[in-house]
Amino acid sequence: MNFYLSAIMLGLGFVSLGFGIFISMRIFNIPDITTDGSYTLGGVVTAVILSKYSSVPMALMLSFIAGIIAGSATGFINTKLKVNALLAGILIMTALYSVNLSLMGRSNIPLINLPTVFDWFSFINDNSMRQFSILLFITILLVAFLSWLLKTDFGIAMRATGNSETMVRAMGVDTSRMKIMGLALANGLTAVSGSLITQYQGFADINMGIGIVILGLGSVMIGETMMNLLKVNSLFFRLIGVIIGTVVFRLILAVALSLGIDPNYLKLITALIVLAVVSLPNLRKKV
Amino acid sequence: MINLTDINKTFNPHTPQEVRALRDINLHIANEDFVIILGSNGSGKSTLLNIIAGNILADKGQLTIDNQAVTHIKDYDRSKWIARIFQDPFSGTASELSIIDNFRLASIRTKKKGLTIGINNDFKKTVRDKIAMLGLGLEDKLEQPMGTLSGGQRQALTLIMAIMDDAKILLLDEPAAALDPKTSEIIMQKANQLIHEFHLTAILITHNLKDAATYGNRVILMKEGSIAIDKKEKVTINELHNWFS
């Protein structure tokens, strides 16, 4: 049981990543590979700040800001230097590897005897219950924030940018600026996920972000498939779908591990799950 | 309202694909003019419209709108004067957004898109009343995604969206070309009505000579990137036929 609870908690930790991918991939239609780098960046900044200053709010805030900077850089390269979005993301992701390594000064920082976000809610005695409540609380905050943001005039302009650029420019929106801000927000959220997972697992590692973009994408798509089956497509439920998606994805991986699959195959399984989610609807359409 | 002075535009300059789309265009369009632009494909009509809208910038020449120099101003900044109706109904609206979201964006075309929620019951009522004027029964479908509507319905809504916020100029690039004859007629009539009712300066590109003879107060024929004929009055359909023979 604890095994599955920790899978659910990991899933909740990845919700912020799922929202990041939802914004870049679904709202802006930009395949943003920066994610792998900005996720690690969030973890690295958190580990460095916690080791030096032992301040959890500062670690979370600076991770978010670091992700925003990384996303803005990708957005700038894409829109102002006119480099293909995929390539722009890969460039920043590659550059971030060096940034992350130099920030940490080594390839791994453990968070032993340091305060983390999971020390909050100290009135809850049970360890797992406290961690779960904190992650759930953060998830609720994120949903509230995003469902508000996407409904504002700014949010409508953001959603329209990814949908019909011609229309939105005719409506007086600077689409380049909007894309930069969108990628900034997406990567900021991704970095927050990196921060949470680092605090949950108790260490930051230079390789923690490898393939994370696929995990995010798979989660978003699982969530979408489920929401489509339930025939709910309002913005709020699409966000809820992302949460369900990340949790379900982690549960599938947990089941795979409990069946005795070598953890070395975890990325392969991740890729196969995403392939299945992506391709099955297409196969069904043809019949 | 709109002044073009010595406007030139060449696509792919110094290559074998070089096209001189506009040559020394001088054009003065007065306030509340309704100009019809005719011309065969490749005559430069759309380039002219796009230069006014700002999504193509001229190589040479000056452009003023409402007595302000706008030659180097970006398309999204020109939206404070200009509303556009595109040939493709899908270009003028965002399909994945609901009708009400599309209208919200249109209602703040000239304003800042800030962090406030603008869709409230008052706004919904205003939009519902405006859409009801079309008589298409769309006023009860505000939450429906734009993409679920037909091309004609979308084009009709785009017209209403154009007047949701202050507009001085309406640019119409073959707005009815992708529609069936009946819908096309309804759209043109509605456009004409709005142009007069809101005292808009309008430019309409069309291949339909009947529309060209019916609407507007000025007809321009473009040929090979230049203005071949410029009549500052209505032109009969017979005369228009002669222009093309």
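Structural remarks
- Looking across the stretch B:198-227, the residues that are free of Cβ contacts under 8 Å to residues at least 40 places away in the same chain and more than 17 Å from the chain's Cα centre (by Cα) come down to B:LYS210, B:ALA213, B:THR214.
- Hits in the stretch A:240-258 (condition: surrounded by fewer than 22 Cβ atoms within 10 Å (Cβ to Cβ) and touching a Leu at 6+ places or on another chain (Cβ under 7 Å)): A:LEU253
- Candidates B:ILE108, B:ILE99, B:ILE131: the one that is at the interface with chain A (Cβ under 8 Å from one of its Cβ atoms), more than 16 Å from the chain's Cα centre (by Cα), closer than 27 Å to B:THR201 by Cα and open to solvent by less than 20 Å² (accessible area, probe 1.4 Å) is B:ILE108.
- Meets criteria (assigned to a helix (DSSP H, G or I) and at the interface with chain A (Cβ under 8 Å from one of its Cβ atoms)) for B:LEU115: no
- Near pairs, Cβ below 8 angstrom, 6+ apart or cross-chain, from the stretch B:35-64 (without any contact (Cβ under 8 Å) to a residue 24 or more places away in the chain and within 14 Å of another protein chain (Cβ to nearest Cβ)) to any residue that is part of a helix (DSSP H, G or I) and open to solvent by 10 Å² or more (accessible area, probe 1.4 Å): B:ASN55/A:ARG169; B:ASN55/B:ASP75
- Cβ-Cβ under 6 Å pairs, at least 6 apart or on other chains, the stretch B:157-181 side free of Cβ contacts under 8 Å to residues at least 12 places away in the same chain and farther than 17 Å from B:SER91 by Cα, far side part of a helix (DSSP H, G or I) and aromatic (Phe, Trp, Tyr): none
- Members of the stretch B:118-128 that are facing another protein chain (nearest Cβ under 9 Å) and either touching a residue at least 24 places away in the same chain (Cβ under 8 Å) or within 15 Å of A:VAL173 (Cα to Cα) (or both): none
- Residue count for the stretch A:150-173 satisfying the condition of being at the interface with another protein chain (Cβ under 7 Å from one of its Cβ atoms) and in a loop (DSSP other than H, G, I, E, B): 6.
- Tabulated pairs, the stretch A:259-276, first free of Cβ contacts under 8 Å to residues at least 40 places away in the same chain, second part of a helix (DSSP H, G or I), C-beta under 7 angstrom, 6+ apart or interchain: A:ILE261/A:ILE269; A:PRO263/A:LEU257; A:LEU266/A:LEU253; A:ILE269/A:LEU253; A:ILE269/A:ALA256
- When each of A:MET93, A:MET104 is tested for being crowded, with 19+ Cβ neighbours inside 10 Å and farther than 29 Å from A:PHE154 by Cβ, the lone residue that passes is A:MET104.
- The residues in the stretch A:150-191 that are open to solvent by 20 Å² or more (accessible area, probe 1.4 Å) and either of a type in the set (D, E, K, R) or over 14 Å from B:TYR76 (Cα atoms) (or both) can be counted, and the count is 12.
- Test: residue in the stretch A:59-78 that is in contact with a Gly (Cβ under 6 Å, 6 or more places away or on another chain), outside any helix (DSSP H, G or I) and open to solvent by 20 Å² or more (accessible area, probe 1.4 Å): no
- Listed by position, the strands (runs of 3 or more DSSP E) enclosed by the stretch B:139-245 that each have at least 2 residues that are open to solvent by less than 10 Å² (accessible area, probe 1.4 Å) and not basic (Lys, Arg) are B:169-173, B:201-205, B:218-223.
- On the stretch given as the stretch A:255-268, residues that are within 19 Å of the chain's Cα centre (by Cα) and of a type in the set (A, V, I, L, M, F, W, C) total 1.
- Unmet requirement for A:LEU86, which otherwise passes all of (1) surrounded by fewer than 17 Cβ atoms within 10 Å (Cβ to Cβ); (2) within 14 Å of chain B (Cβ to nearest Cβ); (3) within 18 Å of A:ILE30 (Cα to Cα): (2)
- Counting only residues that are within 14 Å of chain B (Cβ to nearest Cβ) and assigned to a helix (DSSP H, G or I), the stretch A:174-209 holds 8 of them.
The values are calculated or read from the model by the stated rules, or taken from the named source; none is laboratory data. This is a predicted model, so every value here is computed, not measured. In this analysis, Cβ positions are derived from the backbone assuming ideal geometry, glycine residues included, and neighbour counts consider all displayed protein chains. Surface areas here come from the heavy atoms of the whole protein model, side chains and all, with no ligands, DNA or RNA. Shrake-Rupley method; radii C 1.70, N 1.55, O 1.52, S 1.80 Å.
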